[in-house]
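Have a look at the structure below, then the notes.
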Amino acid sequence: MTFLLWEKLLLSTLIATSGALFVRGLTPKLRFIMAGRSDRQRTDQIPARLWRVVKEVLLQWRVIKGRPVVGTLHAMVFFGFLAFAFETTDHFLEAYDISFLGALFGGAEHAFKLFVAAVAVLVIIGIVGLAYRRFVMVSISPDPKSYTSGVVALMIFLLMVTYLYGLDAAPAWEKPNWWFHALLILAFPPLILRSKHFHILMGPINVFFRNAHLGDYLPLDLDVENMPEDEEITLGLESMDDVPWKMRMDFLTCVECKRCTDQCPAAICGQELNPREFILAGRAMMGREGAVIGNIISPTALGQCTTCGACENICPTGIEHLQVLTGAKRAQALATGQDMAAGEFLQSIERHGNPFDKPRSKRKQLIDELGIPAYKKGETEYLLWMGCNWAYNDDARSSLEAMTQVLDTSGASWGVLDEESCSGHHSRRQGEEMQFQTLANENIERFEAQGVKKIVAPCPHCLHTFRREYPTVKEDFSVETIHHSEFMLEHIRNGSIKLGSAGLEGKKVTYHDPCYLGRYEGVYDDPRDVIAQTGIDIAELPRRRDKSFCCGGGSAGFVREQDVGTRVDQERKREIIDSGAQVVVTGCPECKMMLDAAVEETMDLAQLVAQATQIPEAR
Ligand code: SF4
Ligand code: SF4
């Protein structure tokens, strides 16, 4: 096609207008992001960050994994977007008598155009499928529909149709079709700024800057001497001024897909907490001042979060919900002191170093009664971390006893500390950073005094805290912490623990994935492999592995008052009962506590293993 001078001038004017409108729409958003403070180093580990972008954005791994059908349709549109980057450049340069594709592909230009045509067909299938789900299948997607997202879907459809038509257009229609295609493209930049399609631009950037691990909290510097005199001190997310730039970016990047809310145990139970809504409430605060609690999230909703991590884990655009939740909790605990959901819990820890409000002497008494060996500096290999639940919860005694038997059977040298303080896990999740740091320092001192090198922690909450959080409290903290499922599997594999049947033949046995073992630590297979070693074929629950449903015990949920319609533990129990399981095995003392009495028997993994080493005829 040849273009007259006036056509070239008109096109240049339209390109400049589209660009100017884009910049005008982008400026306030950039200002909003740049007004945020920096909360941490987010430009380290560049190769790992780039690989995450390749995996999650270019290969669409998280999008497809979260919702396989919808994710595949989305991937079809996304891959088309990439292929059309070349085609679109060529389309505009053609008006200026430059053949971009010719220069790039030479003789293979036609073949490339045919390839793009095939991609265009896939994009049409993808966008029609997505629009059908969104606008026709209203029972699956019942939310209010955004007008602009419908317009964008229609425009993508028309772009593909005009491209395909342009390949073989009748001469009279060739140029009008070219112009229509060009106008559709030029309308895109200003439009995406006004719709959820802003994620096309922001998604890859947000994924790049995201933390490597779920709920990666940095300690607040609470040393008065280090606090700047001339600057305001930030103790959590009190007001919009405290919201860091990455969180502001999160608010603007949300694609409103609702995957987070669909995974949130509190939202599923009909409670007030709704992760998508608090992210969108953050977006609505653009250009406004005000408190975070009340404007972005209510105290009631905040108190309902179990920190299960399901929302952040599934989000395809790298949004860090947990930073909002913990930031707001820190403001509650450290700045305002109001509306805290677990005040008594924290007071018990303050008084006795454990949330069960029991004197420390109770733990010593239990150690004497069960004849548990003391950890001996320079002699003992493994420290068994009892944790508050096994030390102070009477119902957990059988789990502890079972673990002592397993440790004895393994032949490893092991022992417990004379004294433990709560790991501080729940204090931190309640925003009580000062209490967390005090507890962490107490425990670190004990570990160092005893020269501890290896810890076996049956509680995934403590495990996560030792592995990920103690090294941020004390830089040279390097004690290796493993979960008891990892310990047991290693010793089963090296032959020091020999298993037979656990005596559960004929019973349907299932496994509940604890959030902090699975989603946070990625330990899904070890507990399953241990169970399989006893000859049990696990009857899996519908919600399992990284989509496991929280037991409701997280973030002090196991002792916190929950004045709600449906409790999270009730919903999980219902699922276990509906599965027809008679025995549920888990690898977390809190999960066991929450799920006790759901079915015939709730067992800790250690109990199962102890049972399987005690039935001689089975070996
Ligand atoms: S962490 Fe869990 S409970 Fe909290 S908002 Fe996210 S999904 Fe809901
Ligand atoms: S926060 Fe993430 S998962 Fe939730 S609606 Fe937004 S993009 Fe989707």
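The values are calculated or read from the model by the stated rules, or taken from the named source; none is laboratory data. What you see is a predicted model, and the numbers here were worked out from it, not measured in a lab. Neighbour counts are summed over all protein chains in view; Cβ atoms, including those assigned to glycine, are modelled from backbone coordinates with ideal geometry. Calculation scope for accessible area: heavy atoms of the full protein, side chains included, ligands and nucleic acids excluded. Shrake-Rupley method; radii C 1.70, N 1.55, O 1.52, S 1.80 Å.
Summed over the stretch 377-433, the residues that are surrounded by fewer than 18 Cβ atoms within 10 Å (Cβ to Cβ) and farther than 18 Å from LEU608 by Cα give a count of 9. Restricting attention to the stretch 189-201, the residues that are crowded, with 18+ Cβ neighbours inside 10 Å and out of contact with any Ser or Thr (no Cβ under 8 Å at 6 or more places or on another chain) add up to 2. Would you call GLU231 in a loop (DSSP other than H, G, I, E, B), at pLDDT below 90, more than 30 Å from ALA48 (Cα to Cα) and open to solvent by 30 Å² or more (accessible area, probe 1.4 Å)? So GLU231 passes the test.
Counting only helices (runs of 4 or more DSSP H) wholly contained in the stretch 331-439, the ones carrying 2 or more residues that are among the charged types (D, E, K, R) occupy 343-352, 361-370, 397-410, 425-429. Taking into account only those residues within the stretch 241-252 that are in contact with a Gly (Cβ under 6 Å, 6 or more places away or on another chain), part of a helix (DSSP H, G or I) and among the hydrophobic types (A, V, I, L, M, F, W, C), which is surrounded by the fewest Cβ atoms within 10 Å (Cβ to Cβ)? If we take residues in the stretch 241-252 being in contact with a Gly (Cβ under 6 Å, 6 or more places away or on another chain), part of a helix (DSSP H, G or I) and among the hydrophobic types (A, V, I, L, M, F, W, C), then TRP245 is surrounded by the fewest Cβ atoms within 10 Å (Cβ to Cβ).
From the set of residues in the stretch 274-304 that are more than 23 Å from PRO542 (Cα to Cα) and assigned to a loop (DSSP other than H, G, I, E, B), which is farthest from ligand 2 (Cβ to nearest atom)?
Of the residues in the stretch 274-304, the ones more than 23 Å from PRO542 (Cα to Cα) are 276-304.
From the residues that got through so far, the ones that are assigned to a loop (DSSP other than H, G, I, E, B) too are 285-290, 296, 298.
Working: MET285: 15, MET286: 15, GLY287: 20, ARG288: 20, GLU289: 23, GLY290: 21, ILE296: 13, SER298: 18 Å.
My answer is GLU289.
Within the stretch 32-91, the only residue that satisfies the criterion of being outside any helix (DSSP H, G or I), open to solvent by less than 40 Å² (accessible area, probe 1.4 Å) and of a type in the set (S, T, N, Q) is GLN60. Residues in the stretch 253-268 that are of a type in the set (S, T, N, Q) and either in a loop (DSSP other than H, G, I, E, B) or within 14 Å of ligand 1 (Cβ to nearest atom) (or both): THR261, GLN263.
Is it fair to say GLU448 is open to solvent by 20 Å² or more (accessible area, probe 1.4 Å), of a type in the set (D, E, K, R) and not in a strand (DSSP E or B)? Working first, answer last.
On the way: open to solvent by 20 Å² or more (accessible area, probe 1.4 Å): yes; of a type in the set (D, E, K, R): yes; not in a strand (DSSP E or B): yes.
Answer is yes for this residue.
Contact map, the stretch 260-275: first residue acidic (Asp, Glu), second residue part of a helix (DSSP H, G or I) and more than 6 Å from ligand 1 (Cβ to nearest atom), Cβ cut-off under 6 Å, separation 6 or more or different chains; pairs are GLU272/THR300; GLU272/ALA301. Of all residues in the stretch 305-354, those satisfying the criterion of being in contact with a Pro (Cβ under 7 Å, 6 or more places away or on another chain) and more than 16 Å from ligand 2 (Cβ to nearest atom) are THR306, ASP339, PHE345, SER348, ILE349, HIS352.
Taking the listed residues PRO471, PRO527, PRO542, the one that is farther than 22 Å from TYR217 by Cα, at pLDDT 95 or above and open to solvent by 10 Å² or more (accessible area, probe 1.4 Å) is PRO542, with no other qualifying. Kindly indicate whether any position in the stretch 173-183 is under 30 Å from ARG40 (Cβ atoms) and part of a helix (DSSP H, G or I). Looking through the stretch 173-183, none of the residues is under 30 Å from ARG40 (Cβ atoms) and part of a helix (DSSP H, G or I). Before we move on, is LEU273 surrounded by 18 or more Cβ atoms within 10 Å (Cβ to Cβ), within 16 Å of ligand 1 (Cβ to nearest atom) and over 26 Å from GLU56 (Cα atoms)? When the stated conditions are applied, LEU273 passes them. In this structure, VAL54 does not satisfy being hydrophobic (A, V, I, L, M, F, W, C), touching a Pro at 6+ places or on another chain (Cβ under 9 Å) and under 26 Å from ALA212 (Cβ atoms).
Just checking, does the stretch 320-331 include any residue being open to solvent by 30 Å² or more (accessible area, probe 1.4 Å) and more than 10 Å from ligand 1 (Cβ to nearest atom)?
Step one: filter the stretch 320-331 for residues open to solvent by 30 Å² or more (accessible area, probe 1.4 Å), giving none.
No, the stretch 320-331 has no match at all.
The set of residues in the stretch 451-501 that are of a type in the set (D, E, K, R) and free of Cβ contacts under 8 Å to residues at least 12 places away in the same chain comprises GLU475, ASP476, GLU490, ARG493.
The set of residues in the stretch 129-155 being modelled with pLDDT under 90, part of a helix (DSSP H, G or I) and not hydroxyl-bearing (Ser, Thr, Tyr) consists of ARG133, ARG134, PHE135, VAL136, GLY150.
Checking the condition assigned to a helix (DSSP H, G or I), closer than 21 Å to HIS213 by Cβ and of a type in the set (Phe, Trp, Tyr), which residue from PHE466, PHE487 passes?
So the residue among PHE466, PHE487 that is assigned to a helix (DSSP H, G or I), closer than 21 Å to HIS213 by Cβ and of a type in the set (Phe, Trp, Tyr) is PHE466.
Among the residues of the stretch 156-164, not a single one is at pLDDT below 95 and open to solvent by 20 Å² or more (accessible area, probe 1.4 Å).
For GLN607, the test of being out of contact with any Cys (no Cβ under 6 Å at 6 or more places or on another chain) and open to solvent by 50 Å² or more (accessible area, probe 1.4 Å) is failed.
GLY102 - would you say it is open to solvent by less than 30 Å² (accessible area, probe 1.4 Å), in a helix (DSSP H, G or I), over 20 Å from LEU184 (Cβ atoms) and at pLDDT below 95? Spell out how you get there, then give the answer.
Details: open to solvent by less than 30 Å² (accessible area, probe 1.4 Å): yes; in a helix (DSSP H, G or I): yes; over 20 Å from LEU184 (Cβ atoms): yes; at pLDDT below 95: yes.
Yes, satisfied.
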